[in-house]
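Single-structure report; data block below.
The values are calculated or read from the model by the stated rules, or taken from the named source; none is laboratory data. Note that the coordinates shown come from a computational prediction; the quantities given were computed from them, not determined experimentally. Here Cβ is always computed from backbone atoms with ideal geometry, including for glycine, and neighbour counts include all displayed protein chains.
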Amino acid sequence: MRRYPVKLHSEFETPASPGATLELLLDANRVVPCMPGAELVEIVDDRTWKARMKVSLGPVSMEFANDVELVEMDGEAGTATLEVKGRDTRGKGGANATVTASLTAVESGTNVVMETDLRFSGQAAQLGRPNVVRDVSERMVGQFADCIRAQLEASPEVAAAAVERAAKPLSGFRLALLALVGSLKRLFRRGGGERGVEG
């Protein structure tokens, strides 16, 4: 089965210490609801859980059943690696990922860097075009980061509102619009660079 790899780099800051931030990122009950369109199904043990995530792009709409496993963690170094194995519930394909998070203390709290290696297969590969995935992931990570920050610094009411916003999956229209905007930005950047060389 042919697979389509995509590598993603994401970065955001939280107002808490690296230890508190890592604890939240590995707490399935708190972190899964912050993922757009995701729902926690079962906590198997302290290193494994199951979740569902809805994704749609134009005519392609899928619901992934995901098995998430913490495969490596170093609290002192502030790093953790997760393996995610997702399959479309209607058998249209899959999306597996390796996610490595690195946390560093900064003056305002913690800087979180996430490196994600995504592999799409089957019809899910329609979601796996690199430019589309990068454009959409920026929006999803932004929403995810807002929710994480709210869990760490805001009142219970504000935190609950952030989780409620994250629970709604990005619609197919919004995903397509994000992809279009991203394509236009890249086009203008290339055009500006070319004009700069000619000048």
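Of note:
- Pairing each residue of segment 140-158 that is closer than 18 Å to Val55 by Cβ and modelled with pLDDT under 85 with any residue that is exposed (fewer than 13 other Cβ atoms within 10 Å of the Cβ) and among the charged types (D, E, K, R), provided the two are 6+ apart or on different chains, yields C-beta distances under 9 Å for Val141/Glu11.
- When residues of segment 43-85 are limited to those that are without any contact (Cβ under 8 Å) to a residue 40 or more places away in the chain and in contact with a helix residue (DSSP H, G or I) (Cβ under 7 Å, 6 or more places away or on another chain), the one nearest to Asp146 (Cα to Cα): Ala51
- Cβ-Cβ under 8 Å pairs, at least 6 apart or on other chains, segment 92-108 side under 13 Å from Leu8 (Cα atoms) and in contact (Cβ under 8 Å) with a residue 40 or more places away in the chain, far side part of a strand (DSSP E or B) and of a type in the set (Gly, Ala, Ser): Ala101/Ala80
- Strands (runs of 3 or more DSSP E) within segment 43-116 that include 3 or more residues out of contact with any Cys (no Cβ under 6 Å at 6 or more places or on another chain), of a type in the set (Ser, Thr, Tyr) and at pLDDT 90 or above: 93-106
- Flag for Glu72 being out of contact with any strand residue (DSSP E or B) (no Cβ under 8 Å at 6 or more places or on another chain), exposed (fewer than 15 other Cβ atoms within 10 Å of the Cβ) and within 29 Å of Ser17 (Cα to Cα): no
- Among (1) surrounded by 19 or more Cβ atoms within 10 Å (Cβ to Cβ); (2) closer than 20 Å to Leu152 by Cα; (3) in contact with a Lys or Arg (Cβ under 9 Å, 6 or more places away or on another chain); (4) not hydroxyl-bearing (Ser, Thr, Tyr) - the single one Pro15 does not satisfy: (1)
- Scanning segment 1-42 for residues that are farther than 14 Å from Ala145 by Cβ, hydrophobic (A, V, I, L, M, F, W, C) and part of a helix (DSSP H, G or I) yields a total of 4.
- Check on Val132, in contact with a Leu (Cβ under 9 Å, 6 or more places away or on another chain), at pLDDT 65 or above, outside any strand (DSSP E or B) and under 21 Å from Val99 (Cα atoms): no
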